[in-house]
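Remarks on the structure that follows.
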Amino acid sequence: MEKTPAGTSVGVADPYAFVERCDHLTDDGRCRYALEHGSHDPGFAREREADDFACPVVTEAGPDWDWRDCPQFRARNRSRECVRCGLDERRMAHSTDRPLLEEHHLSYADDDSREVSHEITVYLCRWCHAKIHSSWARIDDDANPDPEALAAREGRRSEEQAEFGFASAAERRESSSDET
């Protein structure tokens, strides 16, 4: 199982199994990294330019590549729900409360095992995140949200609904006269 630099578990044996696509992949199968950041890796950009910037992982034009073969690969999950238990995020616009979801790294730089460090992240609720790093849970476990997680989410949902609630001028006047 993959480990963090501190030695705790990341909850998966193969981080690439949780990758849907590279963040640099455009809808037409081209490499956005080579197009926009070619000066950071000119050799890579020249190779991609020779193939009209085609991503060799998803196109037939290139060699048989996998995501782990690309030196500029990055996959950051954008879904706003926990990949383990499915809890969805509820964030209040002007709140400083701790988020329900936290970004969890599945891959870390490790000089002994690989040359290239790819950033692969997913979102976990903070309850699942703690379980993963305690080394007893895996990301692909069949899990339900913790009761505390559900309570926190529902509390935020109630606050959200109260914030968006509509009160007519008569209701506001009535409630202000009740307070005096």
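Annotations for the structure displayed:
This table checks each residue for (1) farther than 25 Å from Cys82 by Cα; (2) under 22 Å from the mean Cα position of the chain (by Cα); (3) open to solvent by less than 40 Å² (accessible area, probe 1.4 Å).
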residue: Ile139; (1), (2), (3): no, yes, yes
residue: Asn144; (1), (2), (3): no, yes, no
residue: Ala151; (1), (2), (3): no, no, no
residue: Asp178; (1), (2), (3): yes, no, no
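- Count of the range 1-59 residues which are closer than 16 Å to Pro71 by Cβ, in a loop (DSSP other than H, G, I, E, B), in contact (Cβ under 8 Å) with a residue 24 or more places away in the chain and touching an Asp or Glu at 6+ places or on another chain (Cβ under 9 Å): 3
- Sole residue being closer than 21 Å to Thr8 by Cβ and either touching a Leu at 6+ places or on another chain (Cβ under 7 Å) or at pLDDT 90 or above (or both), chosen from Ala143, Ala151: Ala143
- For the range 12-53, the set of residues classified as of a type in the set (A, V, I, L, M, F, W, C) and within 25 Å of the chain's Cα centre (by Cα) consists of Val12, Ala13, Ala17, Phe18, Val19, Cys22, Leu25, Cys31, Ala34, Leu35, listed by residue number.
- Criterion applied to Phe53, Phe44, Phe18 was being surrounded by 17 or more Cβ atoms within 10 Å (Cβ to Cβ) and on the phi > 0 side of the Ramachandran plot, and the one residue passing it is Phe53.
- Inside the range 75-101, residues that are outside any loop (DSSP other than H, G, I, E, B), among the charged types (D, E, K, R) and buried (at least 16 other Cβ atoms within 10 Å of the Cβ) make up a count of 1.
- Filter result for His129 (touching a helix residue (DSSP H, G or I) at 6+ places or on another chain (Cβ under 7 Å), open to solvent by less than 40 Å² (accessible area, probe 1.4 Å) and modelled with pLDDT of 90 or more): no
- The range 111-126, subset open to solvent by 40 Å² or more (accessible area, probe 1.4 Å) and part of a loop (DSSP other than H, G, I, E, B), residue modelled with the highest pLDDT: Ser117
The values are calculated or read from the model by the stated rules, or taken from the named source; none is laboratory data. None of these values were measured; they are calculated from a predicted model. FYI the Cβ positions are ideal-geometry reconstructions off the backbone, even for glycines, and counts take in every protein chain you see. Protein only, heavy atoms only, side chains kept; ligands, DNA and RNA dropped before computing areas. Shrake-Rupley method; radii C 1.70, N 1.55, O 1.52, S 1.80 Å.
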